[in-house]
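**Q** Take this structure, written in structure tokens, and hold onto it; I'll ask about it next.
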Amino acid sequence: MTTTFNVNKIRNDFPILKQQVNGCPLVYLDNGATSQKPQSVIDAIVNYYSTTNSNVHRGVHTMSQQATDGYEGARAKVRQFINASDDREIIFTRNTTEGINLVAHSYGRQNIGPGDDIIVSNMEHHSNIVPWQMLCEEKGANLRVVPIDDAGELLVDEYEKMLSSRTKLVSITHVSNALGTILPAAQIARMAHAHGAPILFDGAQAVPHMPVDVQELDCDFYVFSGHKLFGPTGIGILYGKAEYLEAMPPFLGGGEMIKSVTFEKTIYNDLPYKFEGGTPDIAGAIGLGAAIDYVNDLGFDQITAHEDELLRYGTDALSTIEGLKIIGTAEHKAGILSFVMDLAHPHDIGTILDEQGIAVRTGHHCAQPVMQRFQIPATARASLAFYNTKEDIDALVKGIDRVIEVFS
Amino acid sequence: MDGLYGDLVMDHYRNPRNRSPISDADIEAEEFNPFCGDRATLQLKLDGRGNICGVSAQAEGCSIIQAATSMLCDQLQGKSLDEVAEIGERYRLALRNGAEGESELGDLRALQVVRQYPVRIKCALLPLTALEEGIKAYREKTG
């Protein structure tokens, strides 16, 4: 690790962090919901609309070519970022949810039939449950759920037992949004492949915190959102191995995704355009490219080291608070401190923290089965990014002291 | 901050009223908040003239939903269903505009402060929504 990681300098790149909220300096600990954007991302979007705005892959005019170069340049950045082997394997979507739904509608409807199994885990976001439930209902297939233990670790032995010749797809989170658990993704993929099943990882909570190499993981699909990776909302990524994407039917029909259209027959476009029907979020893609540049400049060696230290510091600090229980204590975690308190409901914790300018998420985090597993209605969740500091954690602890004061 | 968590709110939160279940309720309703899984369950018993003679409520969740449920139930005893609808309307207005000069609402007046915390208004309204749904279903059933 180099010693150039200067968090105060980094914070200066994020204009929103200079704000006051409710008369207090903003302490932003809701990065799991969405991350803040550096000035370079904001500038990229403003520049695009100020100087380049045109449709992509259409016109012969100069700006259209520039827009296409920007958009395709962003695709190449994403490809490098997750070490895919080919730009054609990078599909722009709106978000993680759309990526999963694309695979469910396209791959799933073609390849999953009555009596087949789809495997998910007990710690999925609703977006990695509901599309599969809908598909299972339509096809008469079964949704199987790998259980987790009290720490929030996946029970790999149970997963092994669940795999069979009936398993047609495994779709599992890389990092749990409610618990922070980092799952053993390469092992999960190997085990799925040993039974001939493709594997999809929901990487929404992974890509902001750790390097992801889709070839090393040997996953067949990998999905994530731009807005949790310091990019804009409205842009997401589906990575798929070309051999799968080639064989899959299109998801949305329309412009862009065709080679030729007659009323008798339409010929679909090549990858990746086959899956990008309609005018895409060009500015969003360019913004995501700028976000990836920013993250690459910092480097994951430094990001991970800083965040691991913060997570340790935060875990130690919260652990000393009487009547507070951390939910999710896996050995390998990324960026998430979920907790409940004997004295106060998470909503009340959230309101009292907000009064002090501290933003956390409260509720079930779109992961109700996780809450059911731990027999709690909700948690308060502090989620970290590389621009957070020990002072942010100290403010959280002080904020929690105030919760105790009001409710005891 | 004591604004939201004032003495009256905290009292109803810590000591909710009307919690004993009614075995032969005429009106039963349950409402969830899909964002947080909070829940309010209400039961009402009506006398021969159609006025409320028994109230029971259970709430699970944050202090606001629990206090609101307790406070709302306190206002229902002896009321007709039309009067209940009026209380509901007044309560809704108080959450939007404040409860100045509003004497019918009893302790519910303390919740007018929630209007300064817009994301919490749905917590305060959940028991009322349950009540209204329950009454609507009862009226449909009994014509």
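**Q** B:TYR5: accessible area at probe 1.4 Å, nearest 10 Å²?
**A** Its accessible surface works out to 10 Å², give or take rounding.
**Q** In nm, to one decimal, how far is the modelled label at B:SER20 from the one at B:ALA85, with both set 7 Å along Cα→Cβ?
**A** The modelled label-to-label distance comes out at 3.1 nm.
**Q** Arrange the peptides B:23-36, A:226-239 so that the one whose residues have, on average, the most other Cβ atoms within 10 Å appears first.
**A** By packing density, highest mean first, the sequence is A:226-239, B:23-36.
**Q** Something else now. What shape does the protein assembly as shown have by the C-alpha gyration tensor, where a ≥ b ≥ c are the square roots of the eigenvalues, rounded means a/c under 1.5, and otherwise prolate means a/b greater than b/c and oblate the rest?
**A** Cα axes put the protein assembly as shown in the prolate bin.
**Q** If you don't mind, there's one more thing I want to ask. Expressed as a whole percentage, what fraction of the accessible surface of the range A:272-406 belongs to carbon and sulfur atoms when a 1.4 Å probe is rolled over the protein heavy atoms?
**A** Carbon and sulfur together cover 46 percent of it.
**Q** Another question, then. Going from most exposed to least, what order do A:LYS398, A:LYS18 have by accessible area with a 1.4 Å probe?
**A** Highest to lowest solvent-accessible surface, that is A:LYS398, A:LYS18.
**Q** Sort A:ASP30, A:ASP220 by heavy-atom solvent-accessible area, probe 1.4 angstrom, most to least.
**A** The residues order as A:ASP30, A:ASP220, largest area first.
**Q** Helix-only mean residue ellipticity at 222 nm, chain B, DSSP H runs n ≥ 4 weighted -39,500 (n - 2.57), per residue, nearest 500. What is it?
**A** It comes out at -13500 deg cm²/dmol, rounded to the nearest 500.
**Q** Here is the link list: A:LYS37/A:LYS241; A:LYS37/A:LYS77; A:LYS333/B:LYS122; A:LYS18/A:LYS398; B:LYS79/B:LYS141. Which ones come out longer than 25 Å on Cα distance?
**A** Exceeds cut-off: A:LYS37/A:LYS241; A:LYS333/B:LYS122.
**Q** If you don't mind, another one. Please sort through the DSSP H helices of chain A and keep those with an alpha-carbon extent of at least 24 Å along the long axis and a Kyte-Doolittle average not below 1.0.
**A** Sorted by number, the helices that extend far enough and score high enough are A:282-298.
**Q** Quote the total accessible area buried by chains A and B together, excluding ligands, DNA and RNA, probe 1.4 Å, nearest 100 Å².
**A** For A against B, buried area totals roughly 1300 Å².
**Q** Take the Cβ-Cβ distance between B:PHE32 and B:LYS136 as r, set R0 to 25 Å, and report the resulting FRET efficiency rounded to the nearest 0.05.
**A** 0.90
**Q** Now a separate question. With heavy atoms of protein chains only and a 1.4 Å probe, what residues of the range B:100-143 have at least 20 Å² less accessible area in the full set of chains than alone?
**A** Relative to the lone chain, where solvent access is computed with a 1.4 Å probe, the range B:100-143 loses at least 20 Å² at B:TYR117, B:ARG120.
**Q** Further question: For a test of the definition: using alpha carbon positions, the gyration tensor, and the 1.5 limit on a/c, classify chain B as rounded, prolate or oblate.
**A** Verdict is prolate for chain B.
**Q** Indicate the residues belonging to the range A:344-391 that lose 20 Å² or more of solvent-accessible heavy-atom surface (probe 1.4 Å) upon moving from the chain alone to the assembly of all protein chains, ignoring ligands and nucleic acids.
**A** Those are A:HIS345, A:HIS347, A:ASP348, A:THR351, A:ILE352, A:GLU355, A:HIS364, A:PRO377, which lose 20 Å² or more relative to the chain on its own.
**Q** For every other residue with a beta carbon closer than 14 angstrom to the beta carbon of A:VAL41, add +1 if it is Lys or Arg and -1 if Asp or Glu, then tell me the sum.
**A** Around A:VAL41, the charge tally is -2.
**Q** Next up: What is the distance, in nm, between label points placed 7 Å from the Cα along the Cα-to-Cβ direction at A:SER260 and at A:ASP218?
**A** 4.2 nm
**Q** Suppose all protein chains stay in the model; what accessible area per residue would a 1.4 Å probe give for the protein assembly as shown, in Å²?
**A** In whole numbers, the protein assembly as shown has 42 Å² accessible per residue.
**Q** Also: Which percent of the accessible area of chain B is formed by carbon and sulfur heavy atoms (probe 1.4 angstrom)?
**A** Result for chain B: 45 percent of the exposed heavy-atom area is carbon or sulfur.
**Q** How much net charge surrounds A:ARG88 when only other residues with a Cβ under 13 Å from its Cβ are counted (Lys, Arg +1; Asp, Glu -1)?
**A** Charge balance in the 13 Å sphere: -4.
**Q** Pop out the carbon and sulfur fraction of the accessible area of the range A:1-154 as a percent, whole number, probe 1.4 Å.
**A** Carbon-and-sulfur percentage of accessible area, whole number: 49.
**Q** If I take every Cα pair under 8 Å that is 6 or more residues apart in chain A, average their sequence separation and divide by the length, what percent do I get for the relative contact order?
**A** 23 percent
**Q** Shape of the range A:42-296 from its Cα gyration tensor (a ≥ b ≥ c, root eigenvalues): rounded if a/c is under 1.5, otherwise prolate when a/b > b/c, or oblate?
**A** In terms of gyration-tensor shape, oblate.
**Q** R0 = 22 Å: FRET efficiency of A:VAL397 with A:HIS332, Cβ-based, nearest 0.05?
**A** That gives a FRET efficiency of 0.35.
**Q** I would also like to ask the following. Against the empirical 2.2 N^0.38 Å scaling, what ratio does the C-alpha Rg of the range A:75-130 come to?
**A** Here the answer is 1.36, to two decimals.
**Q** Treating only the Cβ of Lys, Arg, Asp and Glu as charged (+1, +1, -1, -1), what charge dipole size does the protein assembly as shown show about its Cα centre? Round to the nearest 20 debye.
**A** With only Lys, Arg, Asp and Glu charged at Cβ, the dipole is about 760 debye.
**Q** Add +1 for every Lys or Arg and -1 for every Asp or Glu among the other residues with Cβ under 13 Å from the Cβ of B:GLU60, and state the total.
**A** After counting each charged neighbour, the total is -1.
**Q** Sticking with the crude label model, points 7 Å out along Cα→Cβ, report the distance from A:ASP150 to A:GLN133 in nm, one decimal please.
**A** 2.8 nm
**Q** Among the residues of the range B:20-40, which ones have their accessible area go down by 50 Å² or more when all the protein chains sit together, as opposed to their chain alone (1.4 Å probe)?
**A** The answer is B:CYS36.
The values are calculated or read from the model by the stated rules, or taken from the named source; none is laboratory data. The model shown is predicted, which means the values in this text are computed figures rather than measured ones. FYI the Cβ positions are ideal-geometry reconstructions off the backbone, even for glycines, and counts take in every protein chain you see. Each accessible area value is taken on the protein alone, full model and side chains, heavy atoms only, with ligands, DNA and RNA left out. Shrake-Rupley method; radii C 1.70, N 1.55, O 1.52, S 1.80 Å.
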